[in-house]
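Accompanying notes for the structure given below.
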C-alpha cells in the first residue's frame, strides 16, 4: 500500500483499518511516533486481556531472531485480537525479520513497527510502502494548526477554557515533540484546575522560558530604536544568564525576517498584513513593535544590519569571554541607527 500522506495520518491512527495487519510509524518527531504507534496497537489489542499487547525491542531480535514470528503466530488463550509493538526498529535488519510475515499474515495479530526518521531508501520504509497489507505513517513535527488543535483538545478534556491571547502564546512556545507538547499542556491544565480558565499569566509562569522573553525584549528594542529599553533588556539578559550567542543569533533571524517583510511591503502589501502573514507567526504582543520597525529600515539598511549581525555572531563565537560586550555594542549601534531613522520620520 502506498505511504500515507501526512494529512491522513490522524484519521488512520484514530481508526486504523481492521483488515490491515502491518503498520510502520516513523519520523523525526519521536514523541509523535511513540504516541501514534501505541494508539494503533491499542486499537487492535483486547483491552480486557493484559497479554493482548506484546512489546518487543528491536535489539531483542538479534539474540532471538524468531521472537517476532513466534509472537505473531501465537494463539491467545484469553482474547481473539492481539497486537505486537516492535520498538526502535530503524535498523536495516528489522526489514528482514518482518518481510516473511507478509507472505503469511497472522490472522488475529496486528504488527505495529515504531521507527525513527527513515530515509526514503530505507529497507523498512520501502517494504511497508510496497506491501498491500501495510501502511507507512510519517510523523513530522507539529505545525501551528496541529499544536492549536492539541491545546483545544486537552483544555476541553480538562473542563477548562483558555483566552485567545493565552492560546496564541502557548502555541508559539510549543512544538518539536508531541509527547513533550502534550505534557506541557497537561501541566498547564493541572495548574489551572479550579480557576475555570487559563490566562496568559498562567502560560508565562508555567510554560514561558524567561530567557525567550528577555531576548524578545532586546530584539524589539534594537529594531525599533528604543535605546533605554535596550540597555535595560541587555542588563536583564546578562543577570538571567542568557547566552550572548543565543541573543545575536535570534537578532540575526529577526532582521532576516524584517528583510522579507520589507520586500512584501515594497511589493504592495500593507505593513499590517505583512506582519500578520509572517511565518513563523509573530506573537500578538510584538506585532505593533515589528510593524514600527518595518517603517524604520530600508532594504539597503537591513542588508547592512544582517551583515553586521553575522560578523558579531562570528566574533562572539571566537571570543567567548568578550561575547556579551561584542553583542551588546552591535545591538546598541543598530538601535542608534533605528533611533535616528525614527527622529527623521518625526521631523
Kindly provide the set of residues from segment 107-152 that are within 30 Å of residue 164 (Cβ to Cβ), touching a residue at least 60 places away in the same chain (Cβ under 8 Å) and in a loop (DSSP other than H, G, I, E, B), ordered by number. 139, 140, 141, 142
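For residue 260, are the conditions met, namely being surrounded by fewer than 18 Cβ atoms within 10 Å (Cβ to Cβ), within 25 Å of residue 172 (Cα to Cα) and not assigned by TED's automatic domain parsing to the domain that holds residue 172? If you could, list the steps in order and put the result at the bottom.
Values: surrounded by fewer than 18 Cβ atoms within 10 Å (Cβ to Cβ): yes; within 25 Å of residue 172 (Cα to Cα): yes; not assigned by TED's automatic domain parsing to the domain that holds residue 172: yes.
When the stated conditions are applied, residue 260 passes them.
Each row is one residue, and each column tells you yes or no for (1) touching a helix residue (DSSP H, G or I) at 6+ places or on another chain (Cβ under 6 Å); (2) within 29 Å of residue 325 (Cβ to Cβ); (3) touching a residue at least 40 places away in the same chain (Cβ under 8 Å).
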| site | (1), (2), (3) |
| --- | --- |
| 242 | yes, yes, no |
| 257 | no, yes, no |
| 264 | yes, no, no |
| 270 | no, no, no |
| 278 | no, no, no |
| 288 | no, no, no |
| 291 | yes, no, no |
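Given the structure, is residue 160 surrounded by fewer than 21 Cβ atoms within 10 Å (Cβ to Cβ) and touching a strand residue (DSSP E or B) at 6+ places or on another chain (Cβ under 9 Å)?
Values: surrounded by fewer than 21 Cβ atoms within 10 Å (Cβ to Cβ): yes; touching a strand residue (DSSP E or B) at 6+ places or on another chain (Cβ under 9 Å): yes.
So residue 160 fits the description; yes.
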Being in contact with a helix residue (DSSP H, G or I) (Cβ under 7 Å, 6 or more places away or on another chain) and part of a helix (DSSP H, G or I) narrows 183, 233 down to just 233
Pairs where the first residue, in segment 305-325, is closer than 19 Å to residue 254 by Cβ and the second is at pLDDT 95 or above and outside any helix (DSSP H, G or I), C-beta under 9 Å, 6+ apart: 305/297
Kindly indicate whether residue 220 is crowded, with 19+ Cβ neighbours inside 10 Å, in a loop (DSSP other than H, G, I, E, B) and out of contact with any strand residue (DSSP E or B) (no Cβ under 9 Å at 6 or more places or on another chain). no
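For the condition touching a helix residue (DSSP H, G or I) at 6+ places or on another chain (Cβ under 8 Å), in a helix (DSSP H, G or I) and touching a residue at least 12 places away in the same chain (Cβ under 8 Å), what is the one hit in 86, 61?
Values: 86 fails: in a helix (DSSP H, G or I).
Step by step, each of 86, 61 is checked, and only 61 is touching a helix residue (DSSP H, G or I) at 6+ places or on another chain (Cβ under 8 Å), in a helix (DSSP H, G or I) and touching a residue at least 12 places away in the same chain (Cβ under 8 Å).
The values are calculated or read from the model by the stated rules, or taken from the named source; none is laboratory data. Keep in mind that what you see is a predicted model, and the values were worked out from it rather than measured. Heads up, the Cβs are rebuilt from the backbone with ideal geometry, glycines too, and the neighbour counts pull from every protein chain shown.
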